[in-house]
Amino acid sequence: MAKNIQQKKTQKAKTQKAAAKITDLSANTENSADQFLTTNQGLRINDNQNSLKAGERGATLLEDFILREKITHFDHERIPERIVHARGVGAHGFFQVYESMAPYTKAKFLQDPAARTPVFVRFSTVAGFRGSTDLARDVRGFAVKFYTEEGNYDLVGNNIPVFFIQDAIKFPDLIHAVKPEPHNEVPQAASAHDTFWDFISLMPESMHMIMWAMSDRAIPRSLRMMEGFGVHTFRFVNEQGKSRFVKFHWKPLLGVHSVVWDEALKISGNDPDFHRRDLYEAIDSGAFPEWEFGVQIVEEKDEHKFDFDLLDPTKLIPEELVPVKRIGKLTLDRNVDNFFAETEQVAFHPGHLVPGIDFTNDPLLQGRLFSYTDTQLSRLGSPNFHEIPINRSLAPVHNNQRDAHMRQTINQGRVSYEPNTLGGGCPFQAGKDMSGFVSYAEKIDARKVRARSPSFFDHFSQATLFFNSQSEPEQTHIINALRFELGKVETIAIRERMLFMLAQVDKTLANGVAAGLGLQVPTKINGPLNQSIPADGDPKKFQPQRAKQEVGTSAALSMANTVKDTIRTRKIAVLAADGFDNAALTVFKNALTREGAVVKIVAPRLGTLTGSEGTEVDIDFSLLTCKSVLFDAVYVPGGEQSVTALSNEADAIHFLNEAYKHCKAIAATTEGIDLLSAAFLKGDAGADVIAEEGIILSRNPPGKKVATEFINAIARHRAWGRENKAHVPA
Ligand code: HDE
């Protein structure tokens, strides 16, 4: 036991040391009181307020090298943002495997449960520019860099398990279509415009991904509450050289939760940095986000046993067919010190591999393998981007690559070629014991063709599977999302083509969307069609092989079945003014914080409030500086004076109405109930009643039972049952 603890301690110290190495390489960590301002050449500067002039009122002199150096550096501060995934946020952490995966893979970081591998993770949206809102309806990037002892391994995934297109050659078209339109650069970080839906309506293969992108998955409550997926099928290869197919998953321990669309739009105005701030604050407070790493493993002999092609990135493997085995845990426990140096300069690449993991021939993945290094060259400006501290491998790097822009390494000696005798033959190939990377020796016997396999042609079955697997509120949200998106499309023919396409997925879906658009679902489509759509518009020809699905619904695809037993890190607003019931607040605050929630006092103004017993509490936000969309739930304590003051505040009424409309848990005790009545909740509430789903009221001074009801309601995330009746003015 003691030995075990000691081992763990040593291991922890090792990871910390390794992690520290990742960022402190060129960190400017000096922090002494006698630190002087200098130029970049180390020359001390006496005056940082005035440039050098010919006389006090004279012209500035060109000679002022201090001014010139400062301004020149400033002029060059920006680098090109990422072509896609420009908006992102990153954090450090570690990964630990639960048990050795040796039977499946020889990857060293997946062998020893005692070993911690340092990681850096960057989450992102895809379409928006670097300064765009976090709450755009979009796919989220989920890119993980493992700093393993065998070199860096990057798992560059998304929060959606499939993709829009099947072949990399369509990627520039997809991105051009979704980005702001080129003539006026509108709209920012939004797919709700003509060019995107024009393209999509001509790409039947995108329909499965569209279902996900229109679902609540595309508006996460938090980056800490979303799944991650490797998307493509990869290979695991073990020590004996045996290969198996593998799909990668990240399962958040807090469950998968989202906001509602109206909320997303409002958060975008109130706090465009909502996700970035949420991640930073959670890590900063010690509430470290965690995901379990899952794998779906398929034997090589079973490659063709499914009714879809494993190489097709528009398909997932239903968990009913191949269960997800949870094999380890990712924990994010350290924020970056400097956003630019770490989050902006980190360079991921699906081609950063370690022995034991390999690619498949998925044509989307194959194209990505070219793109990522290429893009770093224009973004980071040099093939030496691997020398930037955040990108450095912990495994030592030895090769004969030399020079180029911004080279950091000072290679010694006269030898930069191989084979050599002058350098003693160094560095040696690892070939002798084959400890280096060996590509899986897949047998290929093929003609060179520019074509797609017919096994990729079934574009609708899994879109239908996804739609059918959703709960009723989730289906409604998809229909509403499509009404919104297509409602922003100006060209009627595009709307109609999309309705036709949706009808191939599900008739109720198509009819629901059509009703919102004031259109009929067409039975055939006209207009310019691409090659994947038959000229006569016959839907049967879309999918020569709409295969019979082995599963009709899959529980794992619905967020209704996610973790709903915790309120850890949930943000609860307490609406209060002077004279609030302090005893009640104490009961609720203690109960909520004990469960790991974050409680904030929201009042008509900033400063401190005086409670019923003369107790003073600090106000966290005024009603002007925060809105209910930034919280998960609301509590209104009693106290006549407090409730009367709040009843006269339009913002307080609006706060409650909005929380109600967004189906959030609301609690009110004693006179607090009157504020609800002033807002939307008419009628009298008796003692200790739960008037409606997610609304907890108590006319008696609150005890533990009421607080527990509230906690349970928050844990359920949203009371969707209210959605259809919630006709409140918000
Ligand atoms: Fe990417 N993608 N991508 N992608 N991708 C980039 O690389 C690309 C795709 C993903 O936080 C770029 O360094 C092509 C699928 C993430 O830094 C670029 C194709 C998936 C990130 C690029 C795809 C992803 C990127 C832009 C189709 C999920 C952000 C900046 C063949 C499995 C990484 C950069 C970060 C970033 C190309 C499709 C995930 C241009 C050509 C599918 C998470 O190289």
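Quick look at the values:
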read-out	value
Residue within segment 437-458 that is within 18 Å of Gly512 (Cα to Cα), of a type in the set (Phe, Trp, Tyr) and either free of Cβ contacts under 8 Å to residues at least 40 places away in the same chain or open to solvent by less than 20 Å² (accessible area, probe 1.4 Å) (or both) present	no
Selection within segment 287-307 - away from the ligand (no atom under 16 Å from the Cβ) and closer than 24 Å to Met226 by Cβ	Ala287, Phe288, Pro289, Glu290, Glu292, Ile297
Subset of segment 372-402 (residues that are of a type in the set (Lys, Arg) and either closer than 29 Å to Gly424 by Cα or not in a helix (DSSP H, G or I) (or both))	Arg392, Arg402
Flag if Asp138 is surrounded by 19 or more Cβ atoms within 10 Å (Cβ to Cβ), more than 30 Å from Ser393 (Cβ to Cβ) and within 13 Å of the ligand (Cβ to nearest atom)	yes
Among the candidates Ala510, Ala503, residue that is among the small types (Gly, Ala, Ser), touching a helix residue (DSSP H, G or I) at 6+ places or on another chain (Cβ under 9 Å), surrounded by 21 or more Cβ atoms within 10 Å (Cβ to Cβ) and assigned to a helix (DSSP H, G or I)	Ala510
Selection count, segment 273-303, where residues are over 19 Å from Ala91 (Cβ atoms) and not charged (D, E, K, R)	5
Of all residues in segment 169-187 being open to solvent by 30 Å² or more (accessible area, probe 1.4 Å) and within 9 Å of the ligand (Cβ to nearest atom), the one that is nearest to the chain's Cα centre (by Cα)	Phe171
Tabulated pairs, segment 355-367, first in contact (Cβ under 8 Å) with a residue 40 or more places away in the chain and on the phi > 0 side of the Ramachandran plot, second more than 8 Å from the ligand (Cβ to nearest atom) and open to solvent by 10 Å² or more (accessible area, probe 1.4 Å), C-beta under 7 angstrom, 6+ apart or interchain	Gly356/Lys106; Gly356/Val237
Filter result for Ala91 (more than 16 Å from the ligand (Cβ to nearest atom), open to solvent by less than 10 Å² (accessible area, probe 1.4 Å) and either under 26 Å from Leu330 (Cα atoms) or not polar (S, T, N, Q) (or both))	no
Filter result for the condition that a residue is in contact (Cβ under 8 Å) with a residue 24 or more places away in the chain, under 34 Å from the mean Cα position of the chain (by Cα) and not in a loop (DSSP other than H, G, I, E, B), over Ile601, Ile567	Ile601
Scope segment 66-88; condition among the basic types (Lys, Arg), open to solvent by 70 Å² or more (accessible area, probe 1.4 Å) and within 16 Å of the ligand (Cβ to nearest atom); matching residues	Arg78
Pick from segment 479-492, criterion open to solvent by 10 Å² or more (accessible area, probe 1.4 Å) and within 16 Å of Ala177 (Cβ to Cβ), ranking: nearest to the chain's Cα centre (by Cα)	Lys488
All positions within segment 576-594 that are within 23 Å of Glu649 (Cα to Cα) and either surrounded by fewer than 16 Cβ atoms within 10 Å (Cβ to Cβ) or among the aliphatic types (A, V, I, L, M) (or both)	Ala576, Ala577, Ala584, Leu585
Scan of segment 328-355 for residues that are within 14 Å of the ligand (Cβ to nearest atom), in contact with a His (Cβ under 9 Å, 6 or more places away or on another chain) and farther than 12 Å from Lys145 by Cβ, ordered by number	Val336
Residue within segment 205-215 that is in a loop (DSSP other than H, G, I, E, B) and within 16 Å of the ligand (Cβ to nearest atom) present	no
Looking only at segment 692-730, and only at residues there that are open to solvent by 60 Å² or more (accessible area, probe 1.4 Å) and polar (S, T, N, Q), the one that is modelled with the lowest pLDDT	Asn724
Meets criteria (crowded, with 19+ Cβ neighbours inside 10 Å and at positive phi) for Gly255	yes
Residues located in segment 172-204, provided they are in a helix (DSSP H, G or I), touching a helix residue (DSSP H, G or I) at 6+ places or on another chain (Cβ under 7 Å) and of a type outside the set (Phe, Trp, Tyr)	Asp173, Leu174, Ala177, Val178, Asp194, Thr195, Asp198, Ile200, Ser201, Pro204
Tabulated pairs, segment 374-393, first at negative phi, second hydroxyl-bearing (Ser, Thr, Tyr) and away from the ligand (no atom under 14 Å from the Cβ), C-beta under 8 angstrom, 6+ apart or interchain	His386/Ser393; Glu387/Thr409; Pro389/Thr23; Pro389/Ser26; Ile390/Thr23; Ser393/Tyr147
Pair list, Cβ < 9 Å and 6+ apart or interchain, from segment 146-158 residues that are within 16 Å of the ligand (Cβ to nearest atom) to residues that are acidic (Asp, Glu)	Phe146/Asp154
Residue in segment 362-369 that is assigned to a loop (DSSP other than H, G, I, E, B) and of a type in the set (A, V, I, L, M) present	no
Residues satisfying the stated conditions in segment 110-135, i.e. more than 23 Å from the chain's Cα centre (by Cα) and buried (at least 24 other Cβ atoms within 10 Å of the Cβ)	Leu110
Matching residues in segment 149-177 - criterion: being over 15 Å from Lys247 (Cβ atoms) and in contact with a strand residue (DSSP E or B) (Cβ under 7 Å, 6 or more places away or on another chain)	Asn152, Tyr153, Asp154
Residues being over 20 Å from Leu311 (Cβ atoms), open to solvent by 20 Å² or more (accessible area, probe 1.4 Å) and more than 10 Å from the ligand (Cβ to nearest atom) - total across segment 356-378	1
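For (1) modelled with pLDDT of 95 or more; (2) surrounded by fewer than 16 Cβ atoms within 10 Å (Cβ to Cβ); (3) touching a strand residue (DSSP E or B) at 6+ places or on another chain (Cβ under 8 Å); (4) on the phi > 0 side of the Ramachandran plot, each residue gets a yes or a no:
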{"position": "Pro289", "(1), (2), (3), (4)": "yes, no, yes, no"}
{"position": "Glu303", "(1), (2), (3), (4)": "yes, yes, yes, no"}
{"position": "Leu311", "(1), (2), (3), (4)": "yes, no, no, no"}
{"position": "Lys315", "(1), (2), (3), (4)": "yes, no, no, no"}
{"position": "Val322", "(1), (2), (3), (4)": "yes, no, yes, no"}
{"position": "Phe340", "(1), (2), (3), (4)": "yes, yes, no, no"}
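The values are calculated or read from the model by the stated rules, or taken from the named source; none is laboratory data. On a predicted model such as this, the values are computed, not experimentally measured, just so you know. Using ideal geometry, Cβ is built from the backbone for each residue, glycine included, and neighbour counts are taken over all protein chains shown. Note: accessible area is taken over every heavy atom of the protein model, side chains too, but ligands, DNA and RNA are not part of it. Shrake-Rupley method; radii C 1.70, N 1.55, O 1.52, S 1.80 Å.
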